[in-house]
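A quick write-up on the structure given underneath.
The values are calculated or read from the model by the stated rules, or taken from the named source; none is laboratory data. Keep in mind that what you see is a predicted model, and the values were worked out from it rather than measured. FYI the Cβ positions are ideal-geometry reconstructions off the backbone, even for glycines, and counts take in every protein chain you see.
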Amino acid sequence: MEELGRILRTARENGNLTLDEIQDRTKISKRYLMAIEAGDLSVLPGLVYARGFIKNYAEQVGVDGDALLDKYGLTDKSAVSERRESPALETVKQPEVKEMTPIRSERRADGPKNPKPVASPPVQKENRMGPQFLIGFLVIALIGVGYWLLNNYMARQDAAPAPAAPMEQPTNQTPAPAPAPQPAVPPVKPQPTGPLKPETKDDNRSVYKVDGDGIKLEIQIVNNPCWLNIQVDGESKLTRTVVPGTSISFDGKKEIFIKAGFPPAMQVKVNGQPVEVEQVEDPYGLLFQKK
């Protein structure tokens, strides 16, 4: 990678640019820029960041970033998978539990075989006539009170006046005014359901057709840094690497074009509708055009 660093350093010096100026343009730390020129990519936070930083640096000094990455094998997808085998579970034999037979206690040989019964004291009979008489008296008293309340209730019902007959309403009433006509409600345009899919696409670009008076584009970077180049109605608005957690938006009249270095890192909405983004790990373009 030292030769890659020499190419970038030579291009920068030929353009009379300092590392501080490159840092201001790309927003890349000067420490990372020095590591790139020295060919030491281990200082960078990861391969995805290294690709974006090198490509952004190269474009600032007039070098084709994609060709440079391809020349030094930095565009190939590399992944190392490790197979981890969990240790087999051994079957633990449970100890056999034998059923215990209860041991009956034996009668002592020297004890008495036929003990003599002990006489219990005589039980005296209680006089239950008192409680029974009291209960009978309470029942008769409750019946009498209930009969008296029922007679009073029936007497009040007989003495109540009959309900008055309802009064007849006059027939010559003024008719209610007719309701005013309601203004016609314009039909509601159905809202689109599901993500916006491309009208056409190829290996390098997808083209989307957008309804509405204009194009409002919203981009959120969610899991990996992504280098972006955004043009609104033919005018360049953004060229830099965007880190995860960043949200940006643009408004256009006719079209908006996105060039993304790592499309899977983006979540895109246009006029509030989610967009189906091609899940490729190489630079890819998305063109939104008004219908």
Consider PRO264 against the criteria (1) in contact with a helix residue (DSSP H, G or I) (Cβ under 8 Å, 6 or more places away or on another chain); (2) assigned to a helix (DSSP H, G or I): it satisfies all of them except one. Which criterion is unmet?
(1)
Search result, residues across region 201-237 that are in a loop (DSSP other than H, G, I, E, B) and over 27 Å from the mean Cα position of the chain (by Cα)
ASP202, ASP203, ASN204, ASP211, GLY212, ASP213, GLY214, ASP233, GLY234
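Could you please let me know if GLY46 is assigned by TED's automatic domain parsing to the domain that holds GLY15, modelled with pLDDT under 90, more than 18 Å from PRO225 (Cβ to Cβ) and surrounded by fewer than 18 Cβ atoms within 10 Å (Cβ to Cβ)? Give the derivation first.
Details: assigned by TED's automatic domain parsing to the domain that holds GLY15: yes; modelled with pLDDT under 90: yes; more than 18 Å from PRO225 (Cβ to Cβ): no; surrounded by fewer than 18 Cβ atoms within 10 Å (Cβ to Cβ): yes.
Spelling it out, it is not the case that GLY46 is assigned by TED's automatic domain parsing to the domain that holds GLY15, modelled with pLDDT under 90, more than 18 Å from PRO225 (Cβ to Cβ) and surrounded by fewer than 18 Cβ atoms within 10 Å (Cβ to Cβ).
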Checked PHE262, PHE288 against criteria (more than 24 Å from the chain's Cα centre (by Cα) and on the phi < 0 side of the Ramachandran plot); the one match is PHE288
State all residues of region 1-37 that are touching a residue at least 12 places away in the same chain (Cβ under 8 Å), more than 43 Å from the chain's Cα centre (by Cα) and not in a helix (DSSP H, G or I); if no residue qualifies, say none.
GLY15, LEU17
Check ILE221 against each of (1) of a type outside the set (D, E, K, R); (2) at pLDDT 95 or above; (3) over 26 Å from LYS259 (Cα atoms) and name the one condition it does not meet.
(3)
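ALA265 - would you say it is of a type in the set (Gly, Ala, Ser) and buried (at least 17 other Cβ atoms within 10 Å of the Cβ)?
Details: of a type in the set (Gly, Ala, Ser): yes; buried (at least 17 other Cβ atoms within 10 Å of the Cβ): yes.
For ALA265, the condition - of a type in the set (Gly, Ala, Ser) and buried (at least 17 other Cβ atoms within 10 Å of the Cβ) - is met.
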